[in-house]
1. Can Ala86 be described as at pLDDT below 80 and in a loop (DSSP other than H, G, I, E, B)?
2. Which ones in region 37-55 are at pLDDT below 70 and surrounded by 14 or more Cβ atoms within 10 Å (Cβ to Cβ)?
3. Which one of these is at pLDDT below 65 and over 13 Å from the mean Cα position of the chain (by Cα): Gly14, Gly10?
4. Criterion first (within 29 Å of Arg23 (Cβ to Cβ), part of a loop (DSSP other than H, G, I, E, B) and basic (Lys, Arg)) does Lys97 satisfy it?
5. Taking Glu94 as meeting all but one of (1) loosely packed, with under 14 Cβ neighbours inside 10 Å; (2) over 28 Å from Glu26 (Cα atoms); (3) among the charged types (D, E, K, R), write down the number of the exception.
Amino acid sequence: MGYNIAVIPGDGIGPEVIGEALRVIESAIKNTDIKLNYHRYIADKGIANPLAAILSAAMMMRYSLGQEETAKKIETAVNDALSSGARTADIALEGEKTISTREMADAVIYYLEAV
């Protein structure tokens, strides 16, 4: 089984951008068997998956700032958190325990500080 994940701009971008991004994604997948599940307003509910933003920071370190070692540390911490079983609801398999946005970030920070 595979997963299809779309990262959609969130707070700070503007609600009009989110709506347009969703229209583009919906159009792109309309002739596929991919199902799009999203929540337009998940801010302050603790259900967002922060890993895309965290991994974007790793990419920024690597490609914009030339900090390869820091990028690898972030990526290793994310992998370690996932290997420990940390899962937000969007990536959990049926029956797996899920954690909040903050708990996922805390798990990554825990492993980042351990590296």
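1. no
2. Once the filter is applied, which keeps residues that are at pLDDT below 70 and surrounded by 14 or more Cβ atoms within 10 Å (Cβ to Cβ), region 37-55 yields only Ile42.
3. Gly14
4. It is false that Lys97 is within 29 Å of Arg23 (Cβ to Cβ), part of a loop (DSSP other than H, G, I, E, B) and basic (Lys, Arg).
5. Failing condition for Glu94: (2).
The values are calculated or read from the model by the stated rules, or taken from the named source; none is laboratory data. Quantities reported herein were computed from a predicted structural model and do not represent experimental measurements. Because the Cβ atoms are built from the backbone with ideal geometry, glycine has one as well, and the counts that use them run over all protein chains shown.
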